[in-house]
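Below: the structure, in structure tokens.
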Amino acid sequence: MTALFDAIVVGVGGMGSAACWELARRGLRVLGLEQYELVHNRGSSHGQTRIIRTAYAEGPEYVPLVQRAFEKWYDLEQFTGRHLLTECACLNVGPPESAHIRGVRNSVLQHQLVAEELHGTAITTRFPAFRFPAEWVGILEQAAGFLLVEECVRAQILAAEELGAEIHPNEPVHQWKVVGHGVEVTTHRGSYQAAQLVVTAGAWATRLLADLGVPLRVMRQVLAWFGVRSQAARFRRDRFPIFIADVADGPFYGLPAIDQTGLKVARHYNAPELDSPDAVNWTPTAEDERPIREFLDRFLPGVGPLTQAQVCMYTLTPDHHFVIDQHPAYPPVWVACGFSGHGFKFAPTVGEILADGVERGRSRYDIRLFSARRFA
Ligand SMILES: Cc1cc2nc3c(=O)[nH]c(=O)nc-3n(C[C@H](O)[C@H](O)[C@H](O)COP(=O)(O)OP(=O)(O)OC[C@H]3O[C@@H](n4cnc5c(N)ncnc54)[C@H](O)[C@@H]3O)c2cc1C
């Protein structure tokens, strides 16, 4: 078999576009195949913004990866001349014993990160919009910010194309197989050969990776924006941080108002686990707004009416850690999936890990936490 490409990337969303960019940057011949139009809103990488933060509650192993991601996002800004990342403090807040607060502290300690603890009324003194209970703890870190998510995906695609990658929208991959030392991928247009395959298919990953042995589940998530017109100054970046609040019925998070759409607030997890993306209802309902409004009434009083809502998908692993690995049964195949609702910030680092895999069969980073074999 003559391989026409060094690598084919299946799924050009957040992670696939990063892989295409990094592979092309290294001079490899890359083909990216995306089932929908490029930068669409039917996967996991849409909805205006994504949080990037360093004091990582989900595990100290993630800290070096996010530190590298900051560098790569800035590189991408320079390469494309587009604004992608806005630095903004992140307030982690909750009862002192909350798992989130303990996780943030652990990363701060292990990596000697700079963070400030706020107790009692100090949170409201610093950020007047909040009304959290006085016994809660706030951990404020400055090494955080938000990414313009659609712009980031677009920039990764543009950079990849400028560096020679070929990217086909509206071309779903029906199947792939290992042929000799390479792979063959089939779409409605025909088949393509490559030395290696990278599968970054988000919520659809199990369709292409049935025998990977990773039990992925899909979770519908709703993003909501609320008007702040009468008191807009309170909710802008200079007076209002990104926040993650670990309340009794699950974490809620929010980002400052960056335009007329207003303050963005959402609930993290806490929705039924679904078998596939086909089961997702893409229309936001009044019932979706209710828990967010209750959260606002309690902790952020005075926020105006809902201005907009959008549906998005998480792809969950059982332990909520990512899967980034060489396919255990097929060495020419690398997979990155199961980002469990916190992957976007890492996209350019994931691109590097995948490109390392394609180029030299292993990553320069410690990715044991993301092993596909851990569910066996
Ligand atoms: C509401 C919400 C809020 C979030 N907030 C944050 C946050 O603040 N910070 C953070 O870091 N992360 C956050 N995340 C998580 C993050 O956005 C995801 O982890 C990340 O976007 C996943 O990227 P992906 O490339 O795996 O999936 P996607 O971007 O969905 O890409 C997968 C792509 O594969 C394509 N595809 C699938 N099957 C095929 C096929 N057979 N052929 C061709 N193409 C195919 C799909 O169409 C899609 O474009 C959030 C997610 C959601 C939903």
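Within the option set ALA57, ALA115, ALA99, being outside the structural domain of PRO251 (by TED's automatic domain parsing) and touching a residue at least 24 places away in the same chain (Cβ under 8 Å) holds for one residue only, ALA57. Could you tell me whether any residue of the stretch 58-67 is more than 15 Å from the ligand (Cβ to nearest atom), at pLDDT below 95 and in contact with a Gly (Cβ under 9 Å, 6 or more places away or on another chain)? No - not one qualifying residue is present in the stretch 58-67.
Within the stretch 266-280, the set of residues being at positive phi and not aromatic (Phe, Trp, Tyr) comprises just one member, ASN270. Listed by first and then second residue, the pairs with beta-carbon distance under 7 Å, at least 6 apart or on different chains, first residue in the stretch 229-245 and under 13 Å from VAL303 (Cβ atoms), second assigned to a helix (DSSP H, G or I), are PHE240/ARG234. Is it true that ALA347 is crowded, with 17+ Cβ neighbours inside 10 Å and not assigned by TED's automatic domain parsing to the domain that holds ARG229? Here the answer is yes, as ALA347 does meet what is asked.
Rundown of residues vs (1) touching a Phe, Trp or Tyr at 6+ places or on another chain (Cβ under 7 Å); (2) in a loop (DSSP other than H, G, I, E, B); (3) charged (D, E, K, R); (4) at pLDDT 95 or above, yes/no style:
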position: GLY43; (1), (2), (3), (4): no, yes, no, yes
position: ALA55; (1), (2), (3), (4): no, yes, no, yes
position: LYS72; (1), (2), (3), (4): no, no, yes, yes
position: ARG82; (1), (2), (3), (4): no, yes, yes, yes
position: GLY103; (1), (2), (3), (4): no, no, no, yes
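For the stretch 10-31, a residue qualifies if it is part of a strand (DSSP E or B) and more than 9 Å from the ligand (Cβ to nearest atom), and the qualifying residues are VAL30, LEU31.
Considering THR86, THR80, the condition of being within 22 Å of the chain's Cα centre (by Cα), among the polar types (S, T, N, Q), surrounded by 14 or more Cβ atoms within 10 Å (Cβ to Cβ) and more than 15 Å from the ligand (Cβ to nearest atom) is satisfied by THR80 alone.
Evaluated against (1) over 19 Å from PHE344 (Cβ atoms); (2) among the hydroxyl-bearing types (Ser, Thr, Tyr); (3) within 18 Å of the chain's Cα centre (by Cα), SER98 falls short on exactly one condition, (3).
Does the stretch 159-173 include one or more residues that are over 27 Å from ALA376 (Cα atoms), aliphatic (A, V, I, L, M), assigned to a strand (DSSP E or B) and in the same structural domain as VAL39 (by TED's automatic domain parsing)? Yes, there is a match, as at least one residue in the stretch 159-173 is over 27 Å from ALA376 (Cα atoms), aliphatic (A, V, I, L, M), assigned to a strand (DSSP E or B) and in the same structural domain as VAL39 (by TED's automatic domain parsing).
The combined condition, being modelled with pLDDT of 95 or more, buried (at least 19 other Cβ atoms within 10 Å of the Cβ), within 22 Å of GLN110 (Cα to Cα) and polar (S, T, N, Q), is not fulfilled by THR49.
Take the stretch 312-331 and flag every residue that is farther than 25 Å from HIS268 by Cα and either without any contact (Cβ under 8 Å) to a residue 60 or more places away in the chain or buried (at least 22 other Cβ atoms within 10 Å of the Cβ) (or both). Passing the criteria: ASP325, GLN326, PRO331.
Just so you know, in the stretch 132-157 the residues that are touching a residue at least 60 places away in the same chain (Cβ under 8 Å) and more than 16 Å from the ligand (Cβ to nearest atom) include one that is farthest from ILE242 (Cα to Cα), and it is PHE132.
Has the stretch 128-151 got any residue that is in a helix (DSSP H, G or I) and of a type in the set (Asp, Glu)? Within the stretch 128-151 (the criterion being in a helix (DSSP H, G or I) and of a type in the set (Asp, Glu)), the answer is yes, since at least one residue qualifies. On the stretch given as the stretch 112-127, residues that are surrounded by fewer than 16 Cβ atoms within 10 Å (Cβ to Cβ) and either of a type in the set (Asp, Glu) or not in a strand (DSSP E or B) (or both) total 9.
In the set (1) over 16 Å from the mean Cα position of the chain (by Cα); (2) within 30 Å of ALA159 (Cβ to Cβ); (3) aromatic (Phe, Trp, Tyr); (4) buried (at least 21 other Cβ atoms within 10 Å of the Cβ), the condition left unmet by TYR74 is number (4).
The values are calculated or read from the model by the stated rules, or taken from the named source; none is laboratory data. Because the structure is a prediction, the values reported are computed rather than measured. Note that each Cβ is placed from the backbone with ideal geometry, even for glycine, and that neighbours are counted across all protein chains shown.
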